[in-house]
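Coordinate-derived values only; no laboratory data. This one's a predicted model, so the numbers in the text were calculated from it and none came from an experiment. Quick reminder, even Gly has a Cβ in these numbers, built from the backbone with ideal geometry, and neighbours come from all protein chains shown.
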């Protein structure tokens, strides 16, 4: 674990974008039990999170179609919350950073570190926007 003072700016980059920080397993469970779509951002101190993932997420959040809610866990800092979030990523190996979409607590989309580290922030944003349109658009009656 890193000194908290080092990760404050990395936490704030997402929380200022409207993503709720979850630091405990209970907070993760409460968020993922809510009906609808939830984006889970597995934050990290690594360079690909700083230069690609967090900026890409912030860009994607400017889109008109968004998940019902967005939360973040911080790998290597909030271990309990991160481990709990990963339990919802059934069948997927742990990775950080990562961006997941869940509907009613079930994984429907996952962008793993391998995709993040080989992409640019705009490409990550574009992939997320496509996922938002595919999985988060409200159905008309």
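Take 10, 59, 1 and order them by how many other Cβ atoms sit within 10 Å, fewest up front.
Values: 10 20, 59 17, 1 11.
Listing 10, 59, 1 from fewest to most nearby Cβ atoms yields 1, 59, 10.
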- Message: For the chain, what does the helix formula give at 222 nm: sum of -39500 (n - 2.57) over DSSP H segments with n ≥ 4, over the residue count, nearest 500 deg cm²/dmol?
- Response: -11500 deg cm²/dmol
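How long is the gain from residue 103 to residue 120 if the chain were fully straight, where each residue apart is worth 0.36 nm and the alpha carbon distance is subtracted? Present the calculation step by step, with values, prior to reporting the outcome.
Details: separation 17, 0.36 × 17 = 6.12 nm, distance 2.63 nm.
Full extension from residue 103 to residue 120 adds 3.5 nm.
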- Semi-axes of the equivalent ellipsoid of region 1-72: what are they in whole Å, largest first, if each equals the square root of 5 times a C-alpha gyration tensor eigenvalue? 21, 17, 9
- Task: Taking only Cα atoms and a 10 Å spring cutoff, compute GNM fluctuations for the chain and point out the largest among 50, 121, 100.
- Result: 50
- So what is the relative contact order of the chain, in percent, for Cα pairs below 8 Å that sit 6 or more residues apart? 32 percent
- Query: If you build a Gaussian network model of the chain, linking Cα atoms that sit under 10 Å apart, which residue out of 65, 118, 24 swings the most?
  - Reply: 118
- Between residue 12 and residue 69, what is the spin-label point distance in nm, taking each point 7 Å from the Cα along the Cα→C-beta axis? 2.5 nm
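Test of understanding: ordering 54, 103 by Cβ neighbours within 10 Å, fewest first, what list do you get? Write down the numbers at each step before the final one.
On the way: 54 23, 103 16.
Exposure proxy ranking, most exposed first: 103, 54.
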- Task: Would you mind listing how long region 4-128 runs along its three principal axes, going by Cα atoms, in whole Å with the largest first?
- Result: 34, 31, 28
- Message: Counting other beta carbons within 10 Å of each residue's own, what order do 32, 14 fall into, fewest first?
- Response: 32, 14
